[in-house]
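What follows is a single structure, written as structure tokens, with notes after it.
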Amino acid sequence: GAARPRLTFLGTGYLGATYAICFAELGYEVLGFDVDKAKIAMLSEGQVPFHEPGLDELLRKNLASGKLRFSTSYEEVADFGDVHFICVGTPQRADGMAADLSYVESAVTNLAPHLKRKALIVGKSTVPVGTAEWIEQLVRRHAPADAGVEVAWSPEFLQEGFAVEDVLRPNRIIVGVRSEWANAMLYAAHKGVFDLAMTEDREVPVVVTDFATAELVKVAANAFLATKISFINAMAEVCEAAGADVTLLARAIGYDPRIGNKFLRAGVGFGGGCLPKDIRAFQARAQELGAGEALRFLHEVDLINQRRRQRVVQLAAELLERPYGPAGPDLSGVRVAVLGATFKPNSDDVRDSPALSIVRKLARSGAQVNVYDPEGMENAKREVGDVSYTKALTEAVAGADLVCVLTEWEEFRNADPQALGELVAGRKVIDGRNCLDPVVWTAAGWEYRGMGRPVFS
Ligand code: UDX
């Protein structure tokens, strides 16, 4: 329609594909772009290349209605769109902690020469502060001078597993702009979100700001969330030393609304494609800006997070009464069932997954590891090849000396400890996510160890 700008999303990973599909659902005409031909072929045929609840149906519905299409042609993207969202990945660089911006650069410099009329390029990927300004320069260099292409920044905050909901019903929209035209265009590009909110009697707060603040909002939010998780995991370490229970501690402090009860689950720590790399890239960028000291605590946040992974191996040695040498424990001949491979439930994402990092450590200590995950098996196999993968929970635990629950899938939380107990060689369980009931498991004859929890008997 004329009132609504036509939208394109460059990069159809978790972020871009979800946005493209959801904005078609909101009524926009949308074109999704990726350089990966296989991904575009899959999406065009109605297959989401990753697991995200609810997304498949929306993809098929909006392909059928003609609102949504996919392409591998920059020229087509430029012809089609009024607003182009950059959603490509910004992984950690191989040579350090900084973010790799080569995909962003490639998307912008390949698109810009084809932009024949006025259009808005909007950055969504998580980037170091200063990137929007750099993109503006790239556009000035590569787009036709008379087209008047402008740049804006609008970070996103979607959580995997809740992505559809987070895109359709965001808790805020950040608008980093340098002109009234860009502001109005970005408003029009989000009108569907505001309209939906209105019909549901909600409001979506909007923060209009400069480029640098808009970029920082995203990394600051993720740094805060990572810090909150590491804070409670640090308390878990103290609880372990003092014989206290971090789950009750978290509940108790969480009743204070200034603290809040969310993101206070102690366990194997945070992973995924965002938090770990984002806090590192943030430190690297602050260093470049001469503000490194301000973020030194994030190094500690990272260390606490890494220590939780090692803690599981230590608990395994303890439970199995194996000696713990300077090179770690000797777990040779021990059969360990690992339940969970993804970095969190309701996702098939294994990027920087604590579960897989622990699998590697267990295997390195000589343990024979059987891994089972409801959705993440294919991705896990690609990451860690030299362990066994099983098709079912029961198959993974059969004959095991130790069971480790490392991702809190509902299937594991609901597992019957009595029935599982009959399959294993030894009833020993490490609850890496504090998601099982120690009373129930102990009553079923299991030796239970949680994270930051006392020994139950
Ligand atoms: C995160 C941010 O939440 C999101 O706003 C941002 O856009 C991208 O990064 P996501 O990576 O999907 O989203 O996962 P999230 O739910 O935040 O969990 C991150 C990690 O922290 C997971 O490994 C999770 O298991 C762990 N976590 C989370 C905890 O260990 N304890 C908690 O209390 C919460």
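Observations on the structure shown:
- Options Arg140, Arg117; residue that is modelled with pLDDT of 95 or more, more than 27 Å from the chain's Cα centre (by Cα), more than 16 Å from the ligand (Cβ to nearest atom) and part of a loop (DSSP other than H, G, I, E, B): Arg117
- Checked against (1) part of a loop (DSSP other than H, G, I, E, B); (2) within 25 Å of the chain's Cα centre (by Cα), Gly66 passes all but a single condition, namely (2).
- A search for C-beta distances below 8 Å between a residue of the range 350-364 that is not assigned by TED's automatic domain parsing to the domain that holds Phe270 and within 11 Å of the ligand (Cβ to nearest atom) and any residue that is polar (S, T, N, Q) and part of a helix (DSSP H, G or I), counting only pairs 6+ apart in sequence or on different chains, returns Val350/Asn379.
- Test: residue in the range 152-172 that is more than 15 Å from the ligand (Cβ to nearest atom) and assigned to a loop (DSSP other than H, G, I, E, B): no
- Yes/no for Gly271 being outside the structural domain of Pro354 (by TED's automatic domain parsing) and touching a Ser or Thr at 6+ places or on another chain (Cβ under 6 Å): yes
- Residue in the range 398-411 that is farthest from Pro354 (Cα to Cα), counting only those that are within 14 Å of the ligand (Cβ to nearest atom) and in contact with a helix residue (DSSP H, G or I) (Cβ under 7 Å, 6 or more places away or on another chain): Val405
- Wholly enclosed helices (runs of 4 or more DSSP H) of the range 396-455 bearing at least 2 residues modelled with pLDDT of 95 or more, β-branched (Val, Ile, Thr) and in the same structural domain as Val313 (by TED's automatic domain parsing): 438-443
- Number of the condition not met by Cys274 [criteria: (1) of a type in the set (A, V, I, L, M, F, W, C); (2) over 25 Å from Val369 (Cβ atoms); (3) surrounded by fewer than 22 Cβ atoms within 10 Å (Cβ to Cβ)]: (3)
- In the range 159-177 there is at least one residue that is under 23 Å from the mean Cα position of the chain (by Cα), farther than 19 Å from Glu25 by Cα and among the hydrophobic types (A, V, I, L, M, F, W, C).
- So Gly333, is it of a type outside the set (A, V, I, L, M, F, W, C), crowded, with 19+ Cβ neighbours inside 10 Å and outside the structural domain of Phe50 (by TED's automatic domain parsing): no
- Any hit, the range 16-30, residues being part of a strand (DSSP E or B), modelled with pLDDT of 95 or more and within 29 Å of Thr109 (Cα to Cα): yes
The values are calculated or read from the model by the stated rules, or taken from the named source; none is laboratory data. Here the structure is a predicted model, which means the values were calculated and not measured. Counting neighbours? That spans all protein chains shown, and the Cβs are built from the backbone with ideal geometry, glycine included.
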